[in-house]
1. Could you list, in sequence order, the residues of segment 44-73 that are in a helix (DSSP H, G or I), closer than 12 Å to residue 92 by Cα and among the hydrophobic types (A, V, I, L, M, F, W, C)?
2. Check whether at least one residue in segment 77-99 is aliphatic (A, V, I, L, M), without any contact (Cβ under 8 Å) to a residue 60 or more places away in the chain and assigned to a loop (DSSP other than H, G, I, E, B), and report yes or no.
3. Residues being open to solvent by 80 Å² or more (accessible area, probe 1.4 Å) and more than 21 Å from residue 55 (Cβ to Cβ): count how many of those fall in segment 78-113.
4. Could you list, in sequence order, all residues of segment 98-123 that are hydroxyl-bearing (Ser, Thr, Tyr) and within 16 Å of the chain's Cα centre (by Cα)?
5. Residues of segment 114-148 being over 26 Å from residue 71 (Cβ atoms) and open to solvent by 40 Å² or more (accessible area, probe 1.4 Å), which ones?
6. Applying the selection to segment 8-18, what residues are of a type outside the set (Phe, Trp, Tyr) and open to solvent by less than 40 Å² (accessible area, probe 1.4 Å)?
7. Quick one: which of 5, 41, 21 is open to solvent by 20 Å² or more (accessible area, probe 1.4 Å) and either outside any helix (DSSP H, G or I) or among the charged types (D, E, K, R) (or both)?
Amino acid sequence: MKPKNIVFLGKSIDNYIAGKNGELDWLDMIPNPDQLDMGYNALMDEIDAIVMGSTSFKTVLSFDIDWPYLKPVFVLSHSIKEIPENLKNKVMLLSGTETAILETIHSKGYNTLYIDGGNVVQNFLKQDLIDELRLTTIPIVLGDGIPLFDVLPKSLKFEHVKTEVFYNQIVQSCYKRKR
């Protein structure tokens, strides 16, 4: 099976994935009375594992919920030294280059990966390691915050696959890398 790295993120119109202090409350500003998952469950069925950065990991830990992932999670961090005891069989710490990290994950049999977190996504894009972008735009201009994109060493061409609109306001567009 050919490895595939998928980004699935919510963003503002001006391409921020969090406010300047890490705020995420704006992601829920549009009521979701039907509790639509907007492709999230299909993504979870498709992937083998999740790769996230330390900030995303700490953010998920800060939510007042049980651990939300059934798939293995690989946290990329130089600063986190230990995983909480209750997550030791669900979360693994990794560090190194993006290609070395992927080699480690693939050697464990995980090939279709959900890549999550601002710096992680940016670094994978810089190394041209993203195969799909599934971006959900919330109709807000934040004006400042954590950007989705950073400067890249070269342009990366993607092909539009589909766009869906939820509640006539939330726009989700999917793109595949053209190689």
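1. Once the filter is applied, which keeps residues that are in a helix (DSSP H, G or I), closer than 12 Å to residue 92 by Cα and among the hydrophobic types (A, V, I, L, M, F, W, C), segment 44-73 yields only 57.
2. Checking segment 77-99: at least one residue is aliphatic (A, V, I, L, M), without any contact (Cβ under 8 Å) to a residue 60 or more places away in the chain and assigned to a loop (DSSP other than H, G, I, E, B).
3. Residues in segment 78-113 being open to solvent by 80 Å² or more (accessible area, probe 1.4 Å) and more than 21 Å from residue 55 (Cβ to Cβ): 5 in total.
4. 112, 114, listed by residue number.
5. Result: 139, 140, 141, 142, 143, 144, 147.
6. Listed by number, the residues that qualify are 9, 10, 11, 12, 17, 18.
7. 21
The values are calculated or read from the model by the stated rules, or taken from the named source; none is laboratory data. As the structure is a computational prediction, the values presented were derived from the model and not from experiment. Here Cβ is always computed from backbone atoms with ideal geometry, including for glycine, and neighbour counts include all displayed protein chains. Heads up: the accessible areas ignore ligands, DNA and RNA and are worked out on the full protein's heavy atoms, side chains in. Shrake-Rupley method; radii C 1.70, N 1.55, O 1.52, S 1.80 Å.
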